[in-house]
1. Which net charge results for the neighbourhood of Arg77, defined as the other residues with beta-carbon distances under 11 angstrom from its beta-carbon, given Lys and Arg at +1 and Asp and Glu at -1?
2. Working with all protein chains in place, sort Lys13, Lys258 by solvent-accessible area computed with a 1.4 Å probe, largest first.
3. When the chain is fully extended, how far beyond the present Cα-Cα distance does Val375 get from Lys136, taking 0.36 nm per residue of separation?
4. Name the long-range amide H neighbours of Leu73: under 5 Å, sequence gap of 5 or more, or other chain; modelled H, no Pro or chain starts.
5. Rounded to the nearest 10 degrees, what's the angle between the helix 343-358 long axis and the longest principal axis of the chain, both from Cα atoms, 0 to 90?
6. In degrees, nearest 10, range 0 to 90: what is the angle between the Cα axis of helix 83-100 and the longest Cα principal axis of the chain?
7. In what sequence, largest accessible area first, do Glu10, Glu115 appear using a 1.4 Å probe?
8. So how strong a dipole does the chain carry about its Cα centre when Lys and Arg Cβ are +1 and Asp and Glu Cβ are -1, to the nearest 20 debye?
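The values are calculated or read from the model by the stated rules, or taken from the named source; none is laboratory data. The structure displayed is predicted, hence computed values, not measured ones. Positions of Cβ are generated from backbone atoms using ideal geometry, with glycine treated the same way; all protein chains shown enter the neighbour counts. SASA here: full protein model, heavy atoms, side chains in, ligands and nucleic acids out. Shrake-Rupley method; radii C 1.70, N 1.55, O 1.52, S 1.80 Å.
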Amino acid sequence: MKIRIESSFEKRKQADALILPYREEKNGPVALHTQMENDPVLSSLVEGGFEGEISEIESTYGVKGKEKRVVCLGLGREEAFSCSVLRKAFASVTDFCKKKKIESVNIVLPENSEEEELIAVVDALCMANYSFDEAKKETLKDHPTVLLKEITLIGGKSSWQKKIDEYRLLMESVNLSRLLVNRNADQTKAEDLAEEAKKIAARFPAVSCRVLSKKEIEKEGMGLLLAVNRGALVDPALIVLEYTGDPKSKKKTAFVGKGITFDTGGLNLKPTGGIETMRIDMAGAATVLGILQACASLGIKKNVLGVIAAAENAIGPDSYKPGDIYVSHAGKTVEITNTDAEGRLVLADALSYVQKEYAPEEIIDFATLTGGIVVAIGEEASGLFCNDDGMVDRLEKASEKTGERVWRMPLYPEYGKMLKSSIADMKNSASGRKASPCTGAAFLERFIHKNTRWAHLDIAGTAYLSESLPYYPSFATGVGVKLALAFLEDEI
Ligand code: BES
Ligand code: ZN
Ligand code: ZN
């Protein structure tokens with residue numbers, strides 16, 4: 001898809017549709033543009049019931065201009081106007097274009113738009129302009145997916161073009177993450193995730209990749225990662241990507257991803273209704289790959305590590321068993337009280353490994369860790385657990401900027417106590433279902449060193465939506481990539 005800025009309405013090229021923004025007011029919609037105000041067809045459309053509510057769309061033919069179709073887009077009331085309103089409204093534009101098979105649009109930006117608003121518009125157009133089609137054959141023959149190919153934004157400053165081009169690059173990484181999550185579980189096995197990581201390292205000289213094989217994982221003593229993978233036919237992997245964007249500095253930020261390529265629940269088998277989407281349990285890993293690719297393609301001036309603990313939580317004669325005790329990479333022993341609480345196990349080993357080998361100042365882990373976070377806050381936000389208030393501020397700022405919501409959850413010491421084991425140093429799952437996202441986070445916290453700033457994002461509700469929305473078309477959302485990049489870019 002191409003996105004260009006055009007400062008003059010008159011100089012715009014031919015396109016399938018022209019998009020004109022309107023504000024909602026008591027006495028009827030008010031144009032947020034000065035173009036074609038006196039066109040009779042357009043004014044009759046506006047008079048004929050269009051109110052200008054957020055995302056309201058009315059379209060007509062027969063207006064004189066360079067486009068076959070003119071679309072009026074509602075942006076709602078002035079007092080409620082914000083970047084998230086723009087995102088919602090412009091995602092509906094892309095959705096409308098998909099349905100009407102429109103490939104090129106001229107969009108008149110609301111008058112006096114700021115750069116931040118332009119980015120919200122571009123974000124919405126891009127996020128919605130996606131469709132996972134790899135697994136469709138006949139459907140595609142009968143109903144080919146039509147996505148937007150050319151967008152001209154009229155009224156913007158030409159200096160904004162650079163930002164737009166950067167955004168396009170960022171979206172490539174969001175879409176990489178979406179693609180990996182959407183694919184079959186067996187297309188994204190540990191070795192496939194490792195291949196993706198190697199591809200990124202091969203493309204960008206500032207990125208290096210190291211994959212620990214099963215043998216090396218054994219040598220490192222990552223007993224928890226090995227335990228989770230025991231029932232699987234394929235080997236686990238510990239994948240490390242290292243991006244050097246600031247060679248003069250020793251500071252590093254690490255992103256760690258849960259890479260469970262399929263989560264059956266293990267011998268504590270998941271029931272029907274809970275198991276069908278479990279190919280998405282490597283969404284944290286997909287986010288980390290997206291983040292590292294985005295850092296490299298945008299040339300972010302930071303040192304960034306990406307670490308993925310990849311395993312399959314399968315059932316087989318050799319599966320790890322409830323009641324068994326395993327020794328972690330950190331040396332602490334863990335009693336397995338529930339084989340379905342496997343994410344925290346593989347993450348614990350990855351977290352302790354990255355701290356020992358690379359000593360990053362700060363770590364953010366992404367994990368589809370608990371169903372409980374979906375019960376608590378739904379699909380509207382990722383659960384944020386963090387041991388550092390400054391980091392929370394930065395993550396909340398990044399969240400505000402990108403629209404990827406985070407909601408802080410508590411890390412009270414009581415949650416840690418709920419993991420007390422009478423036979424080992426701790427158990428992996430507290431008894432009962434109380435506060436499961438919090439006890440999950442408390443388990444991870446046990447593996448964080450005293451001086452490491454750490455945030456855990458439980459993305460079980462946000463990585464994959466049960467119903468598609470214009471802004472988030474079906475399946476994976478790619479959540480976390482934009483958040484992480486905004487987080488990195490913000491730091492002084
Ligand atoms: N992968 C699941 C969590 C999950 C649930 C992700 C729904 C996406 C959507 C995780 O491994 C899991 O099964 N967690 C258990 C933890 C429990 C046993 C303490 C859960 O949430 O029930
Ligand atoms: Zn599980
Ligand atoms: Zn899981």
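1. Values: positive: Arg23, Lys26; negative: Glu24, Glu25, Glu51, Glu53, Glu78, Glu79.
After counting each charged neighbour, the total is -4.
2. Working: Lys13 105, Lys258 5 Å².
Final ranking, largest accessible area leading: Lys13, Lys258.
3. Numbers: separation 239, 0.36 × 239 = 86.04 nm, distance 3.19 nm.
Contour length minus Cα-Cα distance gives 82.8 nm.
4. For Leu73, whose amide H was placed from the backbone, the distant partners under 5 Å are Leu20, Tyr22.
5. Roughly 90 degrees between the two axes.
6. Once rounded, one gets 80 degrees.
7. Working: Glu10 135, Glu115 70 Å².
These residues rank, largest area first, as Glu10, Glu115.
8. Working: 64 positive and 72 negative charges, 207 e Å.
With only Lys, Arg, Asp and Glu charged at Cβ, the dipole is about 1000 debye.
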